[in-house]
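Notes to accompany the following structure.
The values are calculated or read from the model by the stated rules, or taken from the named source; none is laboratory data. Note that the coordinates shown come from a computational prediction; the quantities given were computed from them, not determined experimentally. Glycine gets a Cβ as well: all are built from the backbone with ideal geometry, and neighbour counts include every protein chain shown. Ligands, DNA and RNA are stripped out before the accessible areas are found, and what is left, the full protein with its side chains, is counted by its heavy atoms. Shrake-Rupley method; radii C 1.70, N 1.55, O 1.52, S 1.80 Å.
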Number of protein chains: 2
Amino acid sequence: RCESLVEIYFQLQQQVLALGAELGAELLARLQERFSEVMSSLVKSSFLVEKQPPQVLKTQTKFQAGIRFLLGPRLLKASAKPYMVRADMVTEKQARELALSVYSSTLSESTGEIMHNVVALETNPTSGTCCANFKNVLLKKIKRCERKGSESVTEEKCAVLFSTTVALSPGNLSIHLQVLSLPIVVIVHGNQDNNAKATVLWDNAFSEMDRVPFMVAERVPWEKMCETLNLKFMAEVQTTKGLLKEHYFFLAQKIFNDHSASPEDFQNRSVSWAQFNKEILPGRGFTFWQWFDGVLDLTKRCLKSYWSDRLIVGFISKQFVCKLLSSAPDGTFLLRFSDSEIGGVTIAHVMRGKDGSSQVENIQPFSAKDLSIRSLG
Amino acid sequence: RCESLVEIYFQLQQQVLALGAELGAELLARLQERFSEVMSSLVKSSFLVEKQPPQVLKTQTKFQAGIRFLLGPRLLKASAKPYMVRADMVTEKQARELALSVYSSTLSESTGEIMHNVVALETNPTSGTCCANFKNVLLKKIKRCERKGSESVTEEKCAVLFSTTVALSPGNLSIHLQVLSLPIVVIVHGNQDNNAKATVLWDNAFSEMDRVPFMVAERVPWEKMCETLNLKFMAEVQTTKGLLKEHYFFLAQKIFNDHSASPEDFQNRSVSWAQFNKEILPGRGFTFWQWFDGVLDLTKRCLKSYWSDRLIVGFISKQFVCKLLSSAPDGTFLLRFSDSEIGGVTIAHVMRGKDGSSQVENIQPFSAKDLSIRSLG
DNA sequence: GGAAATTCCGGGAATGATC
DNA sequence: GATCATTCCCGGAATTTCC
């Protein structure tokens, strides 16, 4: 716990002071300086975002966020007038500048006004916490950055900067505290939600620690992508049953648009952001992620239990279904996610003629709406 | 045309001035005073609302309005800097005060802020008009008045006050112009639209000229109500086929909840606002107007042509239908507006047994939605 | 505790921007 | 003129306010 660290530091300072005479003026000064440096950095790093604002943030829509000052209860006891914490939108560029400069640069121009963005930093004596809770915060409007080339607004990342200036209890040292939220994609309409989620997912999954905000690899190993998709699937659908080898193979064929490679071939490939959510799948009107997100949504809403009972193969190609079913008894069927329709599921079944010939049929896909009309799922 | 009136006045003034010496100082002064009085009143009454703001006005929703200064082109020629016209929400009480006081009292507190409410008064030389067009006006929020008793917010009337101060061309006489819009009912949600429309309809139909704003009778002769309903029906449905005697009789039975009186009895009755849109119809969950408005809506959207071809009896009681149909051949049917469901229409048909017994059946009513599903109407 | 009034917000449709 | 981006606003649902 960092409180105890502070205690140790205070004790250290006391001891140093007590020994002041013995150490000599120069050494004492150097120790003092070092001490306040470490102290300041410790204090600053105890100023944290406790509740992150939503990473896909819609304008004109209320959201919540919260920050917590771990050392607050220890260091701010005496304050009568409450300290105010501000929340401001910052662009990726501004975030980068903030990260570079040790000094707290003032924000030049705002990229979007947040309403009710000043909140008191409150110390709760019973729980021993010092928090600022942003309840009714709302981003009024967003000013987009100039985008280069084919970048869309849903690829643009920004963040919320929380900042305050407090006077520390011993010595009344004034110190400026600030902390950035995780990167945020701002949208203005629900129809941008998909793409914004892609950006956030990619960022959360593949960004390095302590990066320059908000750099992230442009391509990643396919295996990492599989892991990410799997985690996302399980989290979103709320299931413990993850994706299987065969599923990954099918997904690889789809995202790479390569139907000749073997599962092993894909293992060592890398997948690009463009393949993930910029390029349109050939012959379809949507990207890989848009399709996958449709599957997530459908499964979450209607098919959770069926999936968890492993009753849905889902991620399987039409061709492979044919192969599988053609050797299956008459009437055998399986559930497959539609390739052509976002958020669709289809029933593939085999009909066997008397002569032993087999015919595999795919039913017109069902959407979540269709299922709800039939009160299924 | 009032321009010519102005010309006459100007000539008169010239003549009076020319004769000044002969008339004597006192008489001249009195004539001058009288002249500027009449002139001022003339100018003021040429400041008009050309385009009324919607009488049912929803907050946070853009609307338009326009005012026109008839004498503007004649009197404002010289102005370089444009005169600005303001639009402000005023309560009924404020409107009443404005009407009483000849002097332009300044508005104390606003009952609701209108955005982009200051617009230039522009003279268009080609068309010879002087207008101020409020394009992107929007009422941010409404402060409701204290209501007495059972009054609902949708019975509260307010208005928009348009005002400006201009300097008249000859003599640079500064004059304050203001004009009120028609009364307005402010709503915050579409579900208040019905009731607001009732208030507006009652007001438009039954208010006297030059009343104290916005007084209106609390009860009116049933015949007047019939006339109003008929006009409303034809205007709303866009049909030339109005309501008939039998329809009025049925409506009277409904609104008065009196099934024993004769058509002639109703002729001399008067109907109250409460009966029109405050009291719930017995056994139903809605008022007379709410029901009637549902009929309007359904007919307008789905049944316009059928109504215009007189294929719909519509306003007829279940009992009377029974009587009618029981003497009709097997299979006869008619269309009747549902009593129990707002915006519903039902088919009543007769089934005649072999023994000659008749059985009148009412189909479960169709709503506009039902009809659109069956792609009818 | 229920009705009235309002706020919240998803998503369809219209509009505006951009290439 | 097609796509992307945004605004506009209806109306269901949740929440708040008022009796």
For the range B:142-153, state whether one or more residues are open to solvent by less than 70 Å² (accessible area, probe 1.4 Å), away from DNA strand C (no atom under 13 Å from the Cβ) and either in contact (Cβ under 8 Å) with a residue 40 or more places away in the chain or in contact with a Phe, Trp or Tyr (Cβ under 6 Å, 6 or more places away or on another chain) (or both). no
Within the range A:112-141, take every residue that is hydroxyl-bearing (S, T, Y) and in a strand (DSSP E or B) and give me the one that is most open to solvent (accessible area, probe 1.4 Å). A:T123
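Is one or more of the residues making up the range B:139-147 in contact with a Leu (Cβ under 7 Å, 6 or more places away or on another chain), outside the structural domain of B:E279 (by TED's automatic domain parsing) and acidic (D, E)? Reasoning before the result, please.
Initially, the range B:139-147 is screened for residues in contact with a Leu (Cβ under 7 Å, 6 or more places away or on another chain), giving B:139.
Narrowing further to those that are outside the structural domain of B:E279 (by TED's automatic domain parsing): B:139.
Of the ones still in play, those that are also acidic (D, E) are none.
For the range B:139-147, residues in contact with a Leu (Cβ under 7 Å, 6 or more places away or on another chain), outside the structural domain of B:E279 (by TED's automatic domain parsing) and acidic (D, E): absent.
Look through A:I175, A:I184 and report the one residue that is in the same structural domain as A:T59 (by TED's automatic domain parsing) and within 16 Å of DNA strand C (Cβ to nearest atom). Quick ask: steps written out before the conclusion?
Numbers: A:I175 fails: within 16 Å of DNA strand C (Cβ to nearest atom).
Just a single option satisfies the conditions, and that option is A:I184.
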Could you please tell me which pairs satisfy a Cβ distance under 7 Å, a separation of 6+ or placement on different chains, a first residue in the range B:72-100 that is open to solvent by 20 Å² or more (accessible area, probe 1.4 Å), and a second residue that is assigned to a helix (DSSP H, G or I)? B:R74/B:E3; B:R74/B:V6
Could you tell me whether A:R30 is at pLDDT 85 or above, loosely packed, with under 13 Cβ neighbours inside 10 Å and basic (K, R)? yes
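Residues being open to solvent by 10 Å² or more (accessible area, probe 1.4 Å) and either of a type outside the set (D, E) or closer than 25 Å to B:V237 by Cα (or both): count how many of those fall in the range B:262-271. Before the answer, list the steps.
Let us first name the residues in the range B:262-271 that are open to solvent by 10 Å² or more (accessible area, probe 1.4 Å), namely B:262-265, B:267-270.
From what's left, either of a type outside the set (D, E) or closer than 25 Å to B:V237 by Cα (or both): B:262-263, B:267-270.
Within the range B:262-271, residues that are open to solvent by 10 Å² or more (accessible area, probe 1.4 Å) and either of a type outside the set (D, E) or closer than 25 Å to B:V237 by Cα (or both) number 6.
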Subset of the range A:237-247 [under 26 Å from the mean Cα position of the chain (by Cα) and in contact (Cβ under 8 Å) with a residue 24 or more places away in the chain]: A:V237, A:Q238, A:T239, A:T240, A:K241, A:L243, A:H247
Looking at (1) at positive phi; (2) in contact (Cβ under 8 Å) with a residue 12 or more places away in the chain, which one does B:N172 not meet, given that it meets all the others? (2)
Does A:L23 satisfy the condition of being open to solvent by 30 Å² or more (accessible area, probe 1.4 Å) and either more than 16 Å from DNA strand D (Cβ to nearest atom) or within 14 Å of chain B (Cβ to nearest Cβ) (or both)? yes
Among the residues of the range B:190-227, which ones are among the hydroxyl-bearing types (S, T, Y) and open to solvent by less than 20 Å² (accessible area, probe 1.4 Å)? B:T199
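Every residue in the range B:220-253 that is acidic (D, E) and either within 14 Å of chain A (Cβ to nearest Cβ) or touching a Pro at 6+ places or on another chain (Cβ under 7 Å) (or both), please. Explain how you work it out, then say what you get.
Our first condition is that a residue be acidic (D, E); within the range B:220-253, this holds for B:223, B:227, B:236, B:246.
Passing the criteria: none in range.
On the given criteria, is A:K157 more than 12 Å from DNA strand C (Cβ to nearest atom), surrounded by 11 or more Cβ atoms within 10 Å (Cβ to Cβ) and within 14 Å of chain B (Cβ to nearest Cβ)?
Values: more than 12 Å from DNA strand C (Cβ to nearest atom): yes; surrounded by 11 or more Cβ atoms within 10 Å (Cβ to Cβ): yes; within 14 Å of chain B (Cβ to nearest Cβ): no.
The answer is no for A:K157.
Would you call B:Q60 within 16 Å of DNA strand D (Cβ to nearest atom) and either within 14 Å of another protein chain (Cβ to nearest Cβ) or closer than 30 Å to B:S36 by Cα (or both)? Working first, answer last.
On the way: within 16 Å of DNA strand D (Cβ to nearest atom): yes; either within 14 Å of another protein chain (Cβ to nearest Cβ) or closer than 30 Å to B:S36 by Cα (or both): yes.
In short, yes.
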Taking A:I67 and the conditions (1) at pLDDT below 90; (2) within 16 Å of A:I175 (Cβ to Cβ); (3) crowded, with 17+ Cβ neighbours inside 10 Å, which numbered condition does it fall short on, given that it satisfies the others? (1)
Can you confirm whether A:C131 is out of contact with any His (no Cβ under 7 Å at 6 or more places or on another chain) and away from DNA strand D (no atom under 16 Å from the Cβ)? yes
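Residue by residue through the range B:243-255, note down the ones that are assigned to a helix (DSSP H, G or I) and either more than 15 Å from B:I316 (Cα to Cα) or open to solvent by 40 Å² or more (accessible area, probe 1.4 Å) (or both). It would help to see each step written out before you state the result.
Just the residues of the range B:243-255 that are assigned to a helix (DSSP H, G or I), to begin with: B:245-255.
Result: B:K245, B:E246, B:Y248, B:F249.
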Kindly check whether there is at least one residue in the range A:182-194 that is closer than 17 Å to A:R86 by Cα and within 14 Å of another protein chain (Cβ to nearest Cβ). no
